[in-house]
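Note sheet for the following structure.
The values are calculated or read from the model by the stated rules, or taken from the named source; none is laboratory data. Quick caveat, the model's predicted, so the values are computed rather than measured. Cβ placement follows ideal geometry from the backbone for every residue including glycine, while neighbour counts extend to all protein chains displayed.
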Amino acid sequence: MSNKQDKPLSKRQQKILDYIYEYLQEHSRPPTIREIGSATEITSTSVVNYNLQRLVERDLVEREAEVSRGLRLSDEALKLFNAASAIPQAIADGVAKMLRVPLLGNIVAGEPIEVGNNDFSTYDEEDAVEISASMISGRQDKLFALRVSGESMIDAMVNDGDIVVMRQQETANNGDMVAVWLTPDDTTTLKYLYYEGDRIRLQPANPTMEPIYVHPEQVQVQGRVMMVLRQTA
């Protein structure tokens with residue numbers, strides 16, 4: 001064992017490592033930085049990131065900086081937990097398995113944009129993004145990706161230029177972040193969806209922008225956001 005493994009983990013680092021392992025067992029996907037902070041009683045995301053970096057340096061955690069939930073437990077960490085055989089096979093497979101998700105074009109996180117016949121854009125079948133299967137919970141079929149234009153979802157950590165990976169579906173629960181087609185105007189947009197009696201509220205995550213109110217018959221859900229791929233300059 002290398003020298004970097006000789007020094008014991010701090011209590012905080014051990015709590016973080018334990019939580020990541022337990023979360024993977026329960027959800028078959030990694031936790032977010034905020035979930036780690038909440039579970040380990042760390043109020044600062046920078047402190048969480050600092051300790052995660054120490055775990056990376058110890059070869060216990062692997063990170064994909066540009067991917068939401070971009071955490072993996074290393075083989076060394078699994079050995080420490082003595083859990084290589086106990087961890088669900090879906091997790092073990094997901095660490096190595098990559099999914100190729102078609103990138104269909106752009107979606108506006110702002111005012112609705114005309115799309116024409118409910119087609120987000122024309123695209124080349126070769127256009128795709130690759131993600132780890134462990135990042136997607138539940139079914140891994142009917143996935144597609146869209147590049148975000150606009151800043152109406154910035155408080156949800158979805159910035160201009162980011163890529164959202166979505167699962168194609170025609171229904172949504174209250175509070176889901178979805179791509180919706182507004183049929184009267186033939187436009188599409190990315191928003192949180194809320195059912196409010198005889199209308200639907202499409203809520204931006206930007207305090208400077210107003211929600212959109214529409215009749216349920218005028219809205220068709222296209223897909224729900226499953227993860228966000230951060231794009232750095």
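So, in the range 9-48, how many residues would count as being closer than 23 Å to I136 by Cβ and among the charged types (D, E, K, R)? The total comes to 5.
If a residue has to be among the acidic types (D, E), in a helix (DSSP H, G or I) and touching a residue at least 60 places away in the same chain (Cβ under 8 Å) to count, how many in the range 26-75 make the cut?
The number of residues fulfilling the criteria is 0.
Looking at the range 133-142, can you tell me whether even one residue there is of a type in the set (K, R), within 16 Å of M166 (Cα to Cα) and at pLDDT below 75? Checked against the condition, which is being of a type in the set (K, R), within 16 Å of M166 (Cα to Cα) and at pLDDT below 75, the range 133-142 yields at least one hit.
Suppose the filter is under 17 Å from the mean Cα position of the chain (by Cα) and either free of Cβ contacts under 8 Å to residues at least 60 places away in the same chain or part of a strand (DSSP E or B) (or both); does R201 pass it? In short, no.
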